[in-house]
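Here the structure comes first, spelled out in structure tokens, and everything after it is commentary.
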Amino acid sequence: MNFLQDSLEGFLAREHRVVIVEVTAVKGSAPRDEGTFMLVAPTEIHGTVGGGQLEHIAIENARKMLGSAGGEATLDIPLGPDIGQCCGGRVELTFTFADEAARAALDKRVADEERRKPQVWVFGAGHVGRALAEALTLLPLKVFAVEARETELNQLTSEVHRRMVAMPESLIADIPAGSAVVIVTHDHALDFLIGQEALKRTDLAYIGMVGSKSKRGAFVHHLEEQGVNRAEADRLVLPIGGTDVDDKRPEVIAAMTASEVLLAFAAWRNKSA
């Protein structure tokens, strides 16, 4: 079995016989939420409905359908000792052949979900910026990298949306409400300029900046000189990634910051609910 996880578009373009497996109901504790789906082809899969024996049963049933060997359109599976899982809940799975209509509906659904993804704007694509942008692309987020240097943007993978501008701070006003802004440029003065613009927004889920305690002190002093009160300055996360892990490698800072961003989005959703 090949668990290659390419894009949904790539999978559907390559595989012509596919069953869509969707979690249509959940009772109690379960590994994935209602609405989660995976695609099952004769030898490959895309996505996951939770792994373990639950997923094994789902794949087996889908391949029975693909092989005209039976298979059920709906399965109600208790997640207990009988299947070697201990979640304790129940999951209903539905199985649909990915015909032309089903593929079109799936394309629309994925496009809608893409539009609703929270956005993270990473200002700076140096070592930390690149590590962070790439780490964030593995999460259900839409990631933008902003730079004045084309050579840095060119090192990013295609999953990152790139913006090359001479004045990065000019983009702040147009970032959608509820987004996250992370400032990791190569220039402290530019960091401060972008940070000051970001703090003018009261509708951003997260504003963070790479640096140290001394950099934070210098920036807060700069803000106070500009008439920004301390409460507004306290909205800035600096340093990003926290101080619990004493490791300044870009990949470590990226991992810790990605966690901060996810928590900030969760808090924002709860606040907006």
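Tally time: how many residues in region 156-171 are farther than 26 Å from E113 by Cβ and surrounded by 15 or more Cβ atoms within 10 Å (Cβ to Cβ)? Outline the logic, then answer.
Looking only at region 156-171, we keep the residues that are farther than 26 Å from E113 by Cβ, and these are 164-170.
When the remaining residues are screened for being surrounded by 15 or more Cβ atoms within 10 Å (Cβ to Cβ), the result is 164, 168-169.
Summing the residues that are farther than 26 Å from E113 by Cβ and surrounded by 15 or more Cβ atoms within 10 Å (Cβ to Cβ) in region 156-171 gives 3.
In this structure, G217 does not qualify as among the small types (G, A, S) and outside any helix (DSSP H, G or I).
Taking the listed residues T257, T202, T243, the one that is at pLDDT 90 or above and part of a loop (DSSP other than H, G, I, E, B) is T202, with no other qualifying. A residue that is modelled with pLDDT under 95, in a helix (DSSP H, G or I) and farther than 30 Å from S272 by Cα occurs somewhere in region 173-189. Could you list all residues from region 35-63 that are in a strand (DSSP E or B) and aliphatic (A, V, I, L, M)? The answer is M38, L39, V40, I45. When you scan region 116-135, do you find a residue that is assigned to a helix (DSSP H, G or I) and surrounded by fewer than 12 Cβ atoms within 10 Å (Cβ to Cβ), even just one? Within region 116-135 (the criterion being assigned to a helix (DSSP H, G or I) and surrounded by fewer than 12 Cβ atoms within 10 Å (Cβ to Cβ)), the answer is yes, since at least one residue qualifies. Among residues of region 44-67 that are in contact (Cβ under 8 Å) with a residue 12 or more places away in the chain and under 13 Å from V23 (Cβ atoms), those with a Cβ under 7 angstrom from a residue that is buried (at least 20 other Cβ atoms within 10 Å of the Cβ) and small (G, A, S), sequence gap 6+ or separate chain, pair up as V49/A58; G50/A30. Tell me which residues, restricted to region 190-248, are surrounded by fewer than 19 Cβ atoms within 10 Å (Cβ to Cβ), of a type in the set (S, T, Y) and within 23 Å of A131 (Cα to Cα). Of everything in region 190-248, those that are surrounded by fewer than 19 Cβ atoms within 10 Å (Cβ to Cβ), of a type in the set (S, T, Y) and within 23 Å of A131 (Cα to Cα) turn out to be S212, T243.
Against the conditions (1) in contact with a strand residue (DSSP E or B) (Cβ under 7 Å, 6 or more places away or on another chain); (2) aliphatic (A, V, I, L, M); (3) surrounded by fewer than 15 Cβ atoms within 10 Å (Cβ to Cβ), A69 satisfies every one except (1). For region 78-102, taking the residues that are at pLDDT below 90 and in contact with a helix residue (DSSP H, G or I) (Cβ under 6 Å, 6 or more places away or on another chain), the one that is farthest from A25 (Cα to Cα) is identified as G84.
For region 120-179, the tally of residues that are of a type in the set (F, W, Y), in contact (Cβ under 8 Å) with a residue 40 or more places away in the chain and touching a Phe, Trp or Tyr at 6+ places or on another chain (Cβ under 7 Å) stands at 1.
Consider S259 carefully, then state whether it is among the polar types (S, T, N, Q), surrounded by fewer than 16 Cβ atoms within 10 Å (Cβ to Cβ) and in contact (Cβ under 8 Å) with a residue 12 or more places away in the chain. If you could, list the steps in order and put the result at the bottom.
Details: among the polar types (S, T, N, Q): yes; surrounded by fewer than 16 Cβ atoms within 10 Å (Cβ to Cβ): yes; in contact (Cβ under 8 Å) with a residue 12 or more places away in the chain: no.
No.
Residue check: is K200 in the same structural domain as W121 (by TED's automatic domain parsing), under 21 Å from V146 (Cβ atoms) and without any contact (Cβ under 8 Å) to a residue 40 or more places away in the chain? Yes, satisfied. Filtering H16, H56 for residues that are surrounded by fewer than 17 Cβ atoms within 10 Å (Cβ to Cβ) and over 27 Å from K108 (Cα atoms) leaves a single hit, H56.
The values are calculated or read from the model by the stated rules, or taken from the named source; none is laboratory data. Since the structure is predicted, the reported quantities are computational estimates derived from the model, not experimental observations. Neighbour counts run over all protein chains shown; Cβ positions are idealised from the backbone, glycine included.
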